[in-house]
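First comes the structure, then the notes that go with it.
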Amino acid sequence: MRSAALAVLLIACNNGSAKPNPKPVPPPVKLADAGVAVVDPIGDPKSPQAIYARLCAPCHAADGKGYAADFAPSLVNPTFLESATDEFLRRSIIWGRPGTSMGAYGKALGGPLEDAEVDQLVAWIRAKGPKAQPLPVAAKGDPARGAPLYAQYCKTCHGDATTRGEAPHLANLQFLTVATDAFIRHAIVKGRPDTKMLAFGAMLTPQQTDDVVAFVRQLGQGAVAQELLPEPNGKEPLVINPKGKNPTWKARDNRFASVDDVAKAHAEKRKMIIIDARPPSDWRRVHIAGAVPIPYHDMKRVDEIIAKHKDAYVVAYCACPHHLSGLVVDELIKRGHKNAFVLDEGINLWHQKGYPVTAAPGVKPAAFEPHHHGTQPGHEGHGH
Ligand code: HEC
Ligand code: HEC
């Protein structure tokens, strides 16, 4: 015993004093021996972490802190989780936030997740932060007094009734349906640490805060719940203009086709496949005329393209603006397709420019800057 202790001491001395000793590495535990089932959680495609990695991480980032794609907020911020009930999370996932890049992931709107899977995902997100806590009840505010405060303190980031900014769109009907006044109030008072959302607790009096909440509540008034196009049946024709010639666009980095080039090919009746890579609920709100839904989470129809249409030009889009379309294009390329492209800036810019779409009644172009980064006005970031 004595010599062993001495040896350890000597080694410690030999390491010198520049670095602290590294933490001792515990011996590997054989889980099977310990009576624990050996499962590789990521290897199990039905585990919540695998579902999260596949469906959510492209936008909300692997660690849940958000902003892998534009506008996707943190899901694990402590002031968010302490104020969002499980029901808030569940409904946000099932119904999405129509008109933003947050699609509907529940089965009800054609999404990929069963209720039980949504519940597991909620529990998994919840485990990354605090439980929901009882919140102070918001007092009655005056929206008329809240309006100028909102314009002064909030609008640059959160937009107004019809136009969004870079922060979650508070006028969104789904948001206003799931968020209580107390939830909105909590976000204003405490902010979201380590994000752009400041704590306004010291800046606004309690009365002013309640007035802003009342104004936010009013942002959704006048918006009507949207009807959707019929559900896709999985048999939508893949190729538009099967007798046409191939497009001739020059893609940036041989990957990104511009909306103007694709719109030109569309108008010239070129032969191509246009893929909507978003969850089906988004396709049901609005899609590029002739686009077929091949959601990034269900790429079955890629088989058909590889088997029958390997020569056809393919362009995939999403709204985020590249992340989900990029996944579908990567799959096509991996399987040997030579002419698969991402629609640069996605459907929002296409829709804003007035190019042909098929839309549910009353759906207007999402009125926000496409993929706008930083402070340079007019700069359309091409960073991804
Ligand atoms: C294409 C990008 C994208 C993907 C994929 C995505 N989200 Fe979102 N999500 C967003 C955006 C953007 C918002 C904010 C909506 C807004 O801008 O108003 C959001 C909002 C949310 C919210 C509400 C957060 C809050 O603060 O109100 C939850 C919860 C959420 N997402 C969970 C998920 C989960 C779970 C998945 C995977 C099943 C997922 N999201 C997939 C983009 C995405
Ligand atoms: C500098 C930009 C900025 C300003 C100004 C700002 N916010 Fe935010 N706000 C954000 C961002 C970004 C988030 C999402 C943070 C995250 O990722 O958790 C957010 C989150 C929120 C949320 C939570 C939304 C949700 O779905 O979880 C509410 C409510 C909110 N802000 C209200 C306000 C109000 C009201 C004001 C004005 C008093 C305001 N914000 C000012 C950027 C801002």
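The values are calculated or read from the model by the stated rules, or taken from the named source; none is laboratory data. Since the model is a prediction, treat every value here as computed from it, not as a measurement. Neighbour counts run over all protein chains shown; Cβ positions are idealised from the backbone, glycine included. Keep in mind that these areas ignore ligands, DNA and RNA; they rest on the heavy atoms of the full protein, side chains included. Shrake-Rupley method; radii C 1.70, N 1.55, O 1.52, S 1.80 Å.
Some points to look at:
- Boolean, GLY96 is away from ligand 2 (no atom under 16 Å from the Cβ), within 23 Å of CYS320 (Cα to Cα) and crowded, with 18+ Cβ neighbours inside 10 Å: no
Every residue, every condition in (1) touching a Lys or Arg at 6+ places or on another chain (Cβ under 6 Å); (2) near ligand 2 (Cβ under 9 Å from one of its atoms); (3) of a type outside the set (S, T, N, Q), yes or no:
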position: GLU166; (1), (2), (3): no, yes, yes
position: ASN172; (1), (2), (3): yes, yes, no
position: THR177; (1), (2), (3): no, no, no
position: THR180; (1), (2), (3): no, no, no
position: GLY201; (1), (2), (3): no, no, yes
position: GLN207; (1), (2), (3): no, no, no
position: VAL212; (1), (2), (3): no, yes, yes
position: ARG217; (1), (2), (3): no, no, yes
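- Hey, LEU10 within 12 Å of ligand 2 (Cβ to nearest atom) and either modelled with pLDDT under 95 or open to solvent by less than 100 Å² (accessible area, probe 1.4 Å) (or both) or not: no
- Scanning region 126-148 for residues that are part of a helix (DSSP H, G or I), open to solvent by 20 Å² or more (accessible area, probe 1.4 Å) and over 25 Å from CYS320 (Cβ atoms) yields PRO143, ALA144, ARG145, ALA147, PRO148.
- Residue within region 156-174 that is modelled with pLDDT of 95 or more, touching a helix residue (DSSP H, G or I) at 6+ places or on another chain (Cβ under 9 Å) and more than 14 Å from ligand 1 (Cβ to nearest atom) present: no
- Hey, ALA307 outside the structural domain of LEU113 (by TED's automatic domain parsing) and without any contact (Cβ under 8 Å) to a residue 24 or more places away in the chain or not: yes
- Some residue of region 110-125 being hydrophobic (A, V, I, L, M, F, W, C), surrounded by 17 or more Cβ atoms within 10 Å (Cβ to Cβ) and within 16 Å of ligand 2 (Cβ to nearest atom): yes
- Listed by position, the helices (runs of 4 or more DSSP H) inside region 231-344 whose residues that are touching a Cys at 6+ places or on another chain (Cβ under 7 Å), open to solvent by 10 Å² or more (accessible area, probe 1.4 Å) and aromatic (Phe, Trp, Tyr) number at least 1 form an empty set.
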